[in-house]
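Here the structure comes first, spelled out in structure tokens, and everything after it is commentary.
The values are calculated or read from the model by the stated rules, or taken from the named source; none is laboratory data. Since we're looking at a predicted model, the values are computed, not measured. Positions of Cβ are generated from backbone atoms using ideal geometry, with glycine treated the same way; all protein chains shown enter the neighbour counts. Quick note on the areas: whole protein, heavy atoms, side chains included, nothing else; ligands and nucleic acids left out. Shrake-Rupley method; radii C 1.70, N 1.55, O 1.52, S 1.80 Å.
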Amino acid sequence: MFCTLFSYPKPKHVPNGVSVHYLKPQFLREVEETEGLNENSTIREIEDLKWAKHGVIRSKGASKVCPRDETTIGAAYSDCLEEDDDVGPATFMLSYTWNYRICDIIDTLVAHCESNKDMDQKRTYVWICCLCNNQHRVYEDKQNGDNVPFDEFHENFRTTVASIGHVVAMIFPWDNPEYLTRVWCVFEAYTATTEPGCTLTIAMPPKERQAMMSAVGDISNLLKVLSATMIQNAEASMPEDLEKILKLVEVKIGYTKLNNSVNKLIRRWVMDTFVAEFEKMNGSKGMKNNHDGHNQDDLQDEK
């Protein structure tokens, strides 16, 4: 299920992403062929950066020279792909957590393509951090205790979001969304709504959509569950990430302002989604805002 909430012009430079077409048959096959893993494995289980032993992701580029620095051995998974059907300029960034199962991620991405008839799965490229960041360097930095300077950290993150220009926030399970408890996820969603050149789309796996629709009788509780963001209580796998993001939020935005903005966004998405579904059931075209997003005046109200 998808709902585009904000939209701006897209910048010219876009980093590479992995195609939805590649993820479903090929990447999933590599996971299932690995001992102890299957479609229900989480990204963290597929590539556990606590250990030196390579998982599915680091194994892909273990012997390849990184094309980004052209000197070190060990490349990002996406840098190992060459065919146009497999890799290309990112259509959107997926905002998610490493605790999500690979089957749920793929189901969500496939549903996105199927709900947008002009999106060819072979030409819809997803920038997903586990595959598009060089996990060899991430692991090495953790082992060496290297910390990126705060200003550089923020600028690199902001530039990535802005250059891709579209963030798909994968929020589920609907009744207890882990997404809203992870500091990176909340911050990515907020950044996408406030960074010029970005569009934010909210999504969840098809089965979660059906489960959420069945809760229509208790809409007040549903809205409460899906709009209880408190970034100051959020968590992160890396303590330094939590510290950096919370510092930025406190100085630049303020906890209350960010929480209110994200919660209002979620409430709007829930209501638009229900109205669109009911209108679809009644044979009407659905809400225009559910597809076209809101204008910049709407965004200013959110800030």
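One table, with the values for the structure above:
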| read-out | value |
| --- | --- |
| Test: residue in the range 75-82 that is open to solvent by 70 Å² or more (accessible area, probe 1.4 Å) and modelled with pLDDT of 95 or more | yes |
| Qualifying residue in the range 187-203 (condition: touching a residue at least 12 places away in the same chain (Cβ under 8 Å) and at positive phi) | yes |
| In the range 197-214, the residues that are over 18 Å from the mean Cα position of the chain (by Cα) and open to solvent by 20 Å² or more (accessible area, probe 1.4 Å) | K207, Q210, A211, M213, S214 |
| Residue that is nearest to the chain's Cα centre (by Cα) [pool: residues in the range 224-235 that are outside any helix (DSSP H, G or I) and surrounded by fewer than 18 Cβ atoms within 10 Å (Cβ to Cβ)] | E235 |
| Exclusive hit being in contact with a His (Cβ under 6 Å, 6 or more places away or on another chain) and at pLDDT below 90, set T199, T191 | T199 |
| Among residues of the range 39-65, those that are among the β-branched types (V, I, T) and open to solvent by 60 Å² or more (accessible area, probe 1.4 Å), counted | 1 |
| Among the candidates R101, R68, residue that is open to solvent by 20 Å² or more (accessible area, probe 1.4 Å) and under 18 Å from the mean Cα position of the chain (by Cα) | R101 |
| Selected residue (criterion: nearest to the chain's Cα centre (by Cα)) from residues of the range 128-152 that are among the hydrophobic types (A, V, I, L, M, F, W, C) and open to solvent by less than 30 Å² (accessible area, probe 1.4 Å) | I128 |
| N290 open to solvent by less than 70 Å² (accessible area, probe 1.4 Å), at pLDDT below 80 and either closer than 24 Å to R44 by Cβ or in a helix (DSSP H, G or I) (or both) | yes |
| Residue match in the range 240-248 (condition: of a type in the set (A, V, I, L, M), buried (at least 20 other Cβ atoms within 10 Å of the Cβ) and over 29 Å from E155 (Cα atoms)) | no |
| Sole residue being modelled with pLDDT of 80 or more, among the β-branched types (V, I, T), part of a helix (DSSP H, G or I) and more than 20 Å from the chain's Cα centre (by Cα), chosen from V249, V275, V262 | V275 |
